[in-house]
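Peer 1: Below: one structure in structure tokens.
The values are calculated or read from the model by the stated rules, or taken from the named source; none is laboratory data. Every value quoted in this text rests on a predicted model; they were computed, and no experiment measured them. Cβ placement follows ideal geometry from the backbone for every residue including glycine, while neighbour counts extend to all protein chains displayed. We work out accessible area using only protein heavy atoms, side chains counted, and drop any ligands, DNA or RNA first. Shrake-Rupley method; radii C 1.70, N 1.55, O 1.52, S 1.80 Å.
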Amino acid sequence: MPSAPRTSGADDDAVTTFRHRMSRLFLKPVDPDRAAPAGPAAEPSIEELEDTNRWANDKERAIGLIAAPVGALVAFLVIHADIDNDPAQYLKNGTTNPAYTSVAVYHEVLVVLLALCVLLMVAAWFRKRLFMGVLTALYGLAVFNLHWWGFGVPFVLVGAWYLVRAYRAQRDLKEARAGAGTPGASAAPTASKRYTPPTARPKRSES
């Protein structure tokens, strides 16, 4: 019987095409633009560094806008708990209890905490990073001194984070100005051109 015609060439082409399609499906081809090595990132200009130093970014502002109402809520909870747990004013023998604290003092502390929260909200609204750091740290220290460490430590850490970022922004701006030779940057003192060295005096002859 005559043998069937061989189609090995067609089968090889089909297998090659199938492999090519599968490789393109599962293996994303390399983009020639992305394959080229990227150049060094452009350094920010002095104007950009000035804006960074002057204004807080969106992330810093959002944290401040959230921390202010949370701090107000914490202030109400902390002061209310301290008033409820405040010991009696007089002991059984009629003497004044030294551990007692007047309710008016707690109300004054509450007013101070709420004032810090309001100022923090204003500073966050106007993107004042340094003021946000100082106000947040002061609020955390005030709550920490009331022996509510769980509420005070996070605010202290956030305040320290703000202050560190403010310091770095100011440092980068000073370094950029010094490198660009901007007026106002510190420069090494140069010798005066009008200075004339003293002339050597002739020696007196001994008689």
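Peer 1: Mind checking the full-extension length gain between Val105 and Ala62? Use 0.36 nm per residue of separation minus the Cα-Cα distance, one decimal, nm.
Peer 2: Computed gain between Val105 and Ala62 is 12.2 nm.
Peer 1: To the nearest 10 square angstrom, what accessible area does Arg54 show with a 1.4 Å probe?
Peer 2: Rounded to the nearest 10, the figure is 110 Å².
Peer 1: If Lys and Arg each add +1 and Asp and Glu each add -1, what is the summed charge of the other residues whose beta carbon sits under 14 Å from the beta carbon of Val105?
Peer 2: Residues close to Val105 contribute a combined charge of -3.
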